[in-house]
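Throughout, read-outs are computed from the coordinates displayed, never taken from laboratory work. Predicted model, so just to flag it, every value in this text is computed and none were measured. Quick reminder, even Gly has a Cβ in these numbers, built from the backbone with ideal geometry, and neighbours come from all protein chains shown.
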Amino acid sequence: MEITLINETHAKDYWNLRLEMLKQSPTSFGSSYEEALQRQNPVELTKKRLSSEESFTFGCFVEDKLSGAVTMVRESALKMNHKASIYAMYVTPAQRGQGLARRLLERTINFAKETEGIEQLMITVVTTNETAKGLYHSCGFKPYGTEKRALKYNEEYYDEELMVMFLS
């Protein structure tokens, strides 16, 4: 198992993982599988995102297969660039329960700590996702609020817990 910062050379693998995450866990992400399928040139768009200077995606490879990923996006506005947010945390079902998500998250937290000027990390999680909430709490994230009806999928609403980790 290897965790590494992925780049545009991993775009096709990441795009396939992204489709899997949206299909497998539709209530966990703001994007939808249906919308993702309609994108024009999705691998090219993914290449651009993976080479951005404000977005960092870590991939977890098991036997050379991308089996999990997480993205950290730093705020670019002058008054907000002390913050970064974590998005798209996912481990493929076949690899769950082996600590990969924790290792991905810890790698991202350490990267944020090593990045000059980042003082806090933000993350959100659907309130019914007890496994993810437990992981985030155990890694040091603290809840600071709940966004009611943050997501709506198949006519059902999902609340999100808003969490923060202060790095300094």
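Only lysine pairs 8 or more places apart or on separate chains count here, and in the range 2-119 those with Cα atoms under 30 Å apart total 21. Between residue 150 and residue 51, the simple spin-label model (points 7 angstrom out along Cα→Cβ) gives 3.2 nm.
Across the chain, the relative contact order, built from alpha-carbon pairs under 8 Å that are at least six residues apart, equals 19 percent.
Highest GNM mean-square fluctuation among 27, 127, 115, for the chain modelled with Cα contacts below 10 Å: 115.
Length available on full extension from residue 96 to residue 24: 0.36 nm per residue minus the Cα-Cα distance, which gives 24.6 nm. Modelled label positions at residue 103 and residue 39, each set 7 Å beyond Cα in the direction of Cβ, lie 2.6 nm from each other. Projecting the Cα atoms of 120, 98, 132 onto the charge dipole of the range 95-135, computed from C-beta unit charges around the Cα centre, puts 98 farthest toward the positive end.
Going by average Cβ neighbours within 10 Å, how do the peptides 84-90, 146-152 rank, with the highest at the top? Mind showing how you got there, number by number?
Details: 84-90: 21.0, 146-152: 12.7.
Going from most to least packed, we get 84-90, 146-152.
Overall, the anisotropy analysis places the range 2-119 in the oblate class: the square-rooted eigenvalues a ≥ b ≥ c of its C-alpha gyration tensor yield a/c not less than 1.5, with a/b not exceeding b/c.
Computed over neighbours whose Cβ is under 13 Å from that of residue 43, the net charge equals +3, Lys and Arg +1, Asp and Glu -1.
Taking every DSSP beta bridge that has both residues in the chain, what percent is antiparallel when rounded to the nearest 5? Intermediate values should be presented prior to the final figure.
On the way: 33 of 36 bridges.
Here the share of antiparallel DSSP bridges comes out near 90 percent.
Taking label positions 7 Å along the Cα-Cβ direction at both residue 62 and residue 82, the computed distance is 4.0 nm, reported to one decimal.
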